[in-house]
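Below are the structure tokens for one structure; questions will follow.
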Amino acid sequence: MLDITLGQYYPGNSFIHRLDPRTKILTTLLLIVAVFLANTAIGYGTLCAMVLFIIAASGLPFMLVLRSVKPLLFIIVLTLALHILMGQGDHVLYQWKFITVTEEGLQLGVQMAMRLILLLMLSSILTFTTSPIVLTDGIEALLRPFRVIGVPAHELAMMMTIALRFIPTLMEETDRIIKAQTARGADFDRGNLLARAKNMLPILVPLFISAFRRADDLAIAMEARCYRGGEGRTRMHQLAYRSGDVLAFVFAFAMIGLLAFLRWGLKPA
Amino acid sequence: MSMQLEHVSYTYMPGTPYEKEALKDVSLEINKGEFVAVIGHTGSGKSTLVQNLNGLLHPSKGTASLDGVDLSGKTAEAKQARSRIGMVFQYPEHQLFAETVYEDVAFGPRNLGLDPEKVEGRVRDAMKFVGLDFDTFAQRSPFSLSGGQMRRAAIAGVVAMNPDYLILDEPSAGLDPGSRDAVFAEIMALYKKRGIAIIMVTHSMEEAARFAGRMLVICKGKVILDGKPAEIFLKEKERLLQAGMDIPEVCKLADALRARGLRLPYEITDAKRLLAEVKRRKGLK
Amino acid sequence: MEPVIETKGLTHIYLGADNNRVTALDGIDLQVMPGEFVAVIGANGSGKSTLARHFNALLLPAEGSVKVHGLDTLDENSLWKIRQNTGMVFQNPDNQIVAAVVEDDVAFGPENIGVPSEELKARVEEALRAVDMLDYREHAPHLLSGGQKQRVAIAGTLALGSDCIILDEPTAMLDPKGRKEILNTMLKLNKEQHITVVYITHFMTEAIQADRVIVMSEGRIEFQGTPKEVFSRVEELEKLGLEAPLAAKFAFELRKSGVKIPEGIITNEELAEALGSR
């Protein structure tokens with residue numbers, strides 16, 4: 001049986017792991033702002049050092065975090081290439097037909113690529129150190145104040161929790177359905193795109209029907225257990241900020257401050 | 001004609017922290033015309049075993065073959081061999097997908113490449129076998145049927161492929177006694193009429209005793225007992241109980257009667273016979 | 001003593017497949033007393049599941065009344081109190097588990113009724129201990145066996161504070177080991193914590209352990225009584241599409257053939273004692 005932990009949670013007990021999920025979500029957002037503030041080599045160097053520091057504090061293997069960049073590697077390389085080969089600028093380094101390599105283009109390309117890589121690494125550190133369930137709690141807690149303007153925080157959290165609960169179950173069921181249809185001679189690797197799409201019906205139809213049936217049963221079971229929406233609900237797990245969270249926020253704001261200074265404060269008079 | 005497993009071992013997710021050896025060096029042969037019950041706990045490896053028998057899973061070690069053809073091969077011959085083994089999974093009604101019962105039952109035969117006339121013939125035969133009247137049910141949506149009917153429609157879908165060997169994984173799971181009897185009646189009819197081999201995975205000793213001519217008991221990935229059900233219940237009772245299995249109610253009753261002094265012949269695994277013997281002992285006909 | 005559940009003339013009607021009116025329950029009068037372990041048996045379509053759903057107001061009567069702990073199910077204001085006192089465990093072990101962690105799921109019920117968070121932890125722990133699943137509190141439900149999942153569901157009703165638990169064919173989708181687990185858990189809760197149990201099943205081996213067995217057919221209660229009284233009525237059971245235990249069937253057949261056998265035999269030991277020479 002597969003134990004599928006979504007969001008690639010990597011268990012651990014580091015300082016980062018133990019932070020409140022709200023802290024981690026908010027500081028990730030703050031650090032993303034910091035990433036966008038950098039515009040010099042020193043700036044990006046600082047950011048890289050920062051990311052390495054955070055990885056060290058989290059106990060995550062460096063290669064693990066680096067590998068999270070892989071899915072978007074193509075886009076990163078493409079961005080880099082486009083900027084290098086077609087970028088506008090005054091200092092031309094090389095020219096051939098329509099390909100103009102300028103210094104500005106090169107710099108911009110590298111910047112864009114660096115930003116993408118840093119953003120990916122930051123967000124994957126978030127999901128590596130926070131299990132999906134705890135993350136859901138954090139998101140709900142952050143959205144709760146916005147209920148007054150109509151944000152359905154509780155309902156969103158409920159949806160996420162139920163999804164997390166059922167995704168492994170549905171994946172097992174998909175596996176069973178595929179096996180059953182294969183045993184009836186179905187071949188899912190054959191044919192052109194259209195044929196393959198059609199071949200998915202014997203898997204998708206039973207799966208959808210099953211999912212709807214489960215949803216029906218679950219709704220009745222929830223009602224039988226006195227569920228009536230988010231009003232008046234209490235929570236067994238309470239989130240609480242601790243000193244470590246304060247430190248994390250201070251760190252995040254300090255980074256923003258530092259990078260803002262590097263961007264604007266160092267301009268020659 | 002036979003199905004063979006030669007020193008088959010199967011390991012799930014090798015090389016990961018979830019690695020599990022579900023089958024350990026299993027060798028056995030099943031001939032056409034046998035009715036074999038496969039008994040074992042959840043997690044004993046019985047599902048893995050039957051999925052190796054029909055080529056759905058390929059052995060990690062050893063070979064699974066049908067009449068000498070390796071079932072894990074990629075050749076047309078291997079494909080053909082696999083198509084001769086039908087498999088009905090647990091809760092087969094969960095695989096129904098087509099708009100009409102006809103279309104769903106026709107899925108298998110069509111995948112075999114048969115032309116429309118032959119497909120129709122197969123569908124009609126299969127539906128007749130499972131007791132779903134063609135004119136009433138062929139054009140209905142499979143999802144408008146009752147639970148028991150849906151199960152039979154799903155079984156028809158596999159029967160329509162005319163397998164020489166039919167594997168059924170707990171065909172009576174979740175059914176009430178009435179529907180259960182109906183499903184078994186159909187399976188027995190199929191067995192008797194077409195002479196195919198039936199391999200039935202079950203938890204129920206009663207079912208094994210009633211229908212099977214041969215019983216395989218699986219425990220922790222190994223076949224620990226292989227023989228006639230009646231013999232196993234009588235001679236290997238200790239080993240059965242040790243493996244966490246039970247004996248049929250009939251046998252328990254016979255044991256209780258014997259313990260109180262009633263002398264009964266040893267080979268009884270059938271309720272009618274036990275009743276007859278008890279009556280005889282009490283001086284009645 | 002007030003009955004925990006009391007129905008008077010309970011009738012349930014719904015529109016069937018061809019838009020015709022189907023009477024699922026036809027004037028049911030029954031009482032379940034506190035601390036009783038009642039089994040309800042009947043063929044498919046006898047109405048036993050429908051009956052169960054009236055006991056916690058998931059369904060409402062078309063005619064007649066259902067009172068649970070003295071509260072009328074038709075009274076909107078009593079709805080949540082009824083569902084708190086009367087918990088329900090359904091047939092499909094998967095489709096009643098809401099959360100991705102066992103202890104979170106057990107907490108779901110009491111969270112819904114606003115139990116303060118300190119008390120929640122204690123309730124969850126107690127409930128899990130009562131069903132012998134405390135070691136699994138941080139496990140993911142999809143990795144549990146069917147029997148374990150059902151026990152988590154039972155724990156959920158205990159944590160809610162239910163003193164009456166209704167189980168609708170809880171073992172239909174389980175293997176023999178799981179079936180034993182659930183029946184033993186309910187017997188234990190019934191004996192040790194005086195939980196009233198209404199247990200719907202088609203396994204006679206389970207019903208035989210109840211205090212009282214109610215036999216249903218086509219929306220009506222055909223007869224009821226102790227397991228001894230009910231299961232020795234072999235012919236009637238067979239007519240209703242149900243089976244009596246093997247020993248009861250044997251006793252019946254032997255008596256028919258003239259052997260002198262006392263009434264009320266339903267177990268192997270009783271039959272052996274009656275027939276044996278030792």
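In angstroms, what radius of gyration and Dmax does the range B:2-229 have, counting Cα atoms only?
17.5, 53
Averaged over A:244-255, how many beta carbons belonging to a partner chain fall within 10 Å of each residue's beta carbon? Mind dumping the intermediate values first?
Values: counts 0, 0, 0, 0, 0, 0, 0, 0, 0, 0, 0, 0.
Mean partner shielding for this stretch: 0.
Take every Cα pair under 8 Å in chain C that's 6+ residues apart, average their separations, divide by the length, and report that relative contact order as a whole percent.
Details: 551 pairs, mean separation 59.9, N = 278.
That works out to 22 percent.
Bin all alpha-carbon pair distances of the range A:151-224 at 10 Å intervals from 0 and give each bin's fraction as a whole percent.
16, 38, 26, 16, 4
Normalised by the empirical 2.2 N^0.38 Å for globular proteins, what value does the Cα Rg of the range C:1-135 take?
Working: Rg = 17.2 Å, N = 135, 2.2 N^0.38 = 14.2 Å.
Dividing the Cα Rg of the range C:1-135 by 2.2 N^0.38 Å gives 1.21.
Give me the Kirkwood hydrodynamic radius of chain C in Å, from all C-alpha pairs, to one decimal place? Before the final figure, lay out the partial values.
Working: mean 1/r = 0.0503 Å⁻¹.
Kirkwood hydrodynamic radius for chain C: 19.9 Å.
Follow-up. Could you give me D for the protein assembly as shown, from Stokes-Einstein at 25 °C and 0.890 mPa s, where the hydrodynamic radius is the Kirkwood radius over C-alpha pairs? Units µm² s⁻¹, please. Kindly include the intermediate steps, with their values, before the conclusion.
Values: Rh = 31.1 Å.
Diffusion coefficient, whole number: 79 µm²/s.
Return one quarter of the surface area of the convex hull spanned by the alpha-carbon atoms of chain A, equal to its mean projected area, in nm². List each step's numbers first, then the result.
Values: hull surface 89.3 nm².
Projected over every direction and averaged, the Cα hull of chain A covers 22.3 nm².
Next question. Quick one: grab Rg to one decimal and Dmax as a whole number for the range A:1-92, Cα atoms only, in Å.
Cα radius of gyration and Dmax of the range A:1-92 are 17.1, 60 Å respectively.
Using the Kirkwood formula on the Cα atoms of the range A:69-176, what hydrodynamic radius do you get, in angstrom to one decimal?
Numbers: mean 1/r = 0.0564 Å⁻¹.
One decimal place: 17.7 Å for the Kirkwood radius.
Also: What do the square roots of 5 times the Cα gyration tensor eigenvalues come to for the range B:54-153, in whole Å, largest first, as semi-axes of the equivalent ellipsoid? Walk me through the intermediate numbers first.
On the way: eigenvalues 178, 51, 21 Å².
Ellipsoid half-lengths, sorted descending, are 30, 16, 10 Å.
Given 25 °C and 0.890 mPa s, compute D for the range A:202-269 with the Stokes-Einstein relation, Rh being the Kirkwood radius over Cα pairs; round to the nearest whole µm²/s. Before the final figure, lay out the partial values.
Working: Rh = 17.9 Å.
Answer from the Stokes-Einstein relation: 137 µm²/s.
Here's another thing I want to ask about it. Quick one: divide the alpha-carbon radius of gyration of the range B:1-49 by 2.2 N^0.38 Å and tell me what you get.
Working: Rg = 12.9 Å, N = 49, 2.2 N^0.38 = 9.7 Å.
Its radius of gyration relative to the 2.2 N^0.38 Å reference: 1.34.
Same structure, new question: Over chain B, what is the mean sequence separation of C-alpha contacts under 8 Å (at least six apart), divided by residue count, expressed as relative contact order in percent?
Working: 506 pairs, mean separation 61.7, N = 285.
The value is 22 percent.
Measure off 7 Å from each Cα along the Cα-to-Cβ vector at residue B:60 and residue B:260, then give the distance between these two points in nanometres to one decimal.
Spacing of the two 7 Å Cα→Cβ label points: 5.1 nm.
Please work out the Cα center distance from the range B:111-166 to the range A:167-223, rounded to the nearest Å.
What the calculation gives is 20 Å, centre to centre.
Calculate the FRET efficiency for residue A:238 and residue A:14 from the Cβ-Cβ distance with a Förster distance of 22 Å, rounded to the nearest 0.05.
E between residue A:238 and residue A:14, to the nearest 0.05, is 0.50.
Taking a cut-off of 17 Å, what percent of all Cα-Cα pairs in the range C:53-119 are separated by more than that? Numbers along the way, then the final one.
Numbers: 1149 of 2211 pairs.
Cα-Cα pairs in the range C:53-119 separated by more than 17 Å: 52 percent.
Turning to a different aspect of this structure: Please give me, ordered by residue number, the GluC sites (Glu not before Pro) of the range B:17-91 that lie in loop per DSSP and have at most 15 other Cβ atoms within 10 Å. Don't jump to the answer; show the numbers that get you there.
Details: sites: B:19, B:21, B:29, B:34, B:77; in loops: B:19, B:34.
When the GluC sites (Glu not before Pro) of the range B:17-91 are filtered for loop state and at most 15 Cβ neighbours within 10 Å, B:19 remain.
Roughly speaking, what is the stretch gain from residue B:231 to residue B:120, that is 0.36 nm per residue apart minus the C-alpha to C-alpha distance, in nm to one decimal?
Values: separation 111, 0.36 × 111 = 39.96 nm, distance 4.37 nm.
Full extension of this stretch gives 35.6 nm more.
Kindly give Rg over Rh for the range C:165-216, based on alpha-carbon atoms, with the Kirkwood expression for the hydrodynamic radius. Present the calculation step by step, with values, prior to reporting the outcome.
On the way: Rg = 10.4 Å, Rh = 11.3 Å.
Value, to two decimals: 0.93.
Using a 10 Å cut-off on Cβ to Cβ distances, tally the other chain neighbours for every residue of C:108-121 and report the average as a whole number. Let's see the in-between values first.
Working: counts 8, 5, 5, 9, 12, 7, 5, 3, 1, 5, 3, 2, 5, 2.
Per-residue shielding by partner chains comes out at 5.
Counting only other chains, what is the mean number of Cβ atoms within 10 angstrom of the Cβ of each residue in peptide B:159-166?
Working: counts 0, 1, 3, 0, 1, 0, 0, 0.
Partner Cβ neighbours, averaged per residue: 1.
In addition: Using DSSP, restrict attention to beta bridges with both residues in the range C:5-244 and report what percent are antiparallel, rounded to the nearest 5.
Values: 20 of 38 bridges.
Here the share of antiparallel DSSP bridges comes out near 55 percent.
Here's a follow-up. Working from Cα positions, state the angle (0 to 90°, nearest 10) between the long axis of helix A:153-183 and the longest principal axis of chain A.
70
Bear in mind these aren't lab numbers, they're just calculated from the coordinates by the rules spelled out. What you are looking at is a predicted structure, and each value in this text was computed from that prediction instead of being measured. Cβ coordinates were reconstructed from backbone atoms using ideal geometry, including for glycine residues, and neighbour counts include every protein chain displayed.
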